[in-house]
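The values are calculated or read from the model by the stated rules, or taken from the named source; none is laboratory data. As the structure is a computational prediction, the values presented were derived from the model and not from experiment. To get the accessible areas, we keep the full protein, side chains included, count just its heavy atoms, and leave off ligands, DNA and RNA. Shrake-Rupley method; radii C 1.70, N 1.55, O 1.52, S 1.80 Å.
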Amino acid sequence: MTERCQGDTRPRTGPRARTAIVLAAAALLAATSAAFLPGTASAGTTLGASAAEKGRYFGTAVAASRLSDGNYTTILNREFNSVTPENEMKIDATEPQQGRFSYGAAEQIVNHARSRGMSVRGHTLAWHSQQPSWMESMSGSALRSAMLNHVTQVATHFRGQVVAWDVVNEAFEDGSSGARRNSNLQRTGNDWIEAAFRAARAADPGAKLCYNDYNTDNWTHAKTQAVYNMVRDFKSRGVPIDCVGFQSHFNNDSPYVSNYRTTLSSFAALGVDVQVTELDIQGAPAATYRSVVEDCLAVARCNGVTVWGIRDSDSWRASQTPLLFNSSGQKKAAYDAVLAALNNGTTPTDPPTTPPTTPPTTPPTTPPGGSCTATLQDSTRWGDRFNSQVTVSGASNWTVVVAVTPPQKVSNTWNGSPTWDSSGNVMTMRSNGSGNVFGFTTMANGTWTRPVVRSCTVS
Ligand code: XIL
């Protein structure tokens, strides 16, 4: 029975009319689900596409030296829509000698990612570890200026290409003290972290600025609380911080705990985004991987998950076999669990409930240069962004042009190969063999106008 609320003045219908309405609704539902099944099936088959449909990214750490390995890049290009250079943006890599900057390996990764529509997380501008020897031996005001100059130079160099920077990494002590880590940077003065954030904001005002750390997953731990208090203090004083990264290297000494979701949501409630930035789990238990992804999806401000490497053999902790692909590049059970969690527990290849009315005997034969039809539909909407889905009919080798309204920006796409015009507002999406339904996320930036399909052509 349809529930009626108080004040409902719709005419009541008799039993026969109600049956007719129910039957019509069921027929419409069957027709709709049949029409959308092909797209749904292809959308949920890779980590990046499935995450994008939930308005998130799924990323991996990438090593420039592995980009020549075909097995590695095949998985990278197929599965991920965000990358973090594993070592190539660290201080020792980007400023090996003071004042001499070296960006070659980092740029290799950035170009690989951006030319394929993947976003880049920058890691990391200020850290006690992996410092070049000239910096390790510095102290006091000379070190403070050298650190700030480094932040400024590197963030400026990559301005507009990095969506989020780990501005400061691992600045807190482990254990129960809740204190700052004793490092050469800390000894330049307690305000070194906020000084680094201010320099980064000035250098690249468009990038999200994150504080990143490990052993900050358990809500009850002193280190977690200490970082939380710092972020709350920064927000209250207007220090430019936008996000907190949780490395999430889980192992027997530092296990996943069920209050992880509380940690993510508590930080998010301070008015920052949260990101899982370096996920790996000893032994790669599928259930734990699934929980981490579910926890992120449960928190609206959790932007995405990055795993710290692709295959077990790529891991910094290879002997723990902590990743989603084995050393031959095959998907592990943890991969299936992550994909299922991203797809919300549904199986992406569920068979249709009603058979298609026309069996797909021959492929469509639209002549080259012919036209097709592209229909845009609204899908999920969040506080700051929304997804749209475009269904193409009439061709499999289509090109669809879609425009968004400035200051809107497309932040993510799936099931197509996008290029943009110079304004960044007009996206040309070409089929990439993933079917006839593609999607994209638009950052509203205050404007909620629906994107417009300008054309559909066959190439
Ligand atoms: C690791 C890399 O994976 C290794 O290749 C490198 O030898 C050491 O650093 N926390 C971080 C990452 O923020 O930068 C570290 O990456 C892992 C721990």
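Computed values, structure above
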read-out	value
Heavy-atom accessible area per residue - the chain, 1.4 Å, Å²	44 Å²
In order through the stretch 113-118: 3J(HN,Hα) via Karplus (6.51 cos²θ - 1.76 cosθ + 1.60), integer Hz, x for Gly, Pro	5, 5, 6, 10, x, 8
Proximal lysines relative to K235, as straight alpha-carbon distance under 16 Å, when same-chain residues fewer than 8 apart are discounted	K208
Between 0 and 90°, nearest 10: helix 222-237 axis offset from the chain longest Cα axis	80 degrees
Accessible carbon and sulfur surface of the stretch 182-266 relative to its total accessible area, %, 1.4 Å	46 percent
All-pairs Cα distance distribution in the chain, expressed in whole percent, bin size 10 Å	4, 19, 28, 25, 14, 7, 3, 1, 0
E95 long-range amide H proximity, modeled H, under 5 Å	S102
Alpha-carbon centroid distance for the pair the stretch 280-327 / the stretch 125-151, whole angstrom	31 Å
Principal semi-axes in Å for the stretch 163-270 [√(5λ), Cα gyration tensor, largest first]	23, 16, 12
Helix axis angle, 192-203 relative to the chain longest principal axis, alpha carbon, degrees	50 degrees
Long-range HN-HN contacts of T413 with modeled amide H, under 5 Å	T441
Long-range HN-HN contacts of K208 with modeled amide H, under 5 Å	A164, W165
Cα-Cα over 26 Å, subset of K54/K90; K90/K223; K54/K331	K54/K90
Degrees, to the nearest 10: 286-298 long Cα axis against longest axis of the chain	80 degrees
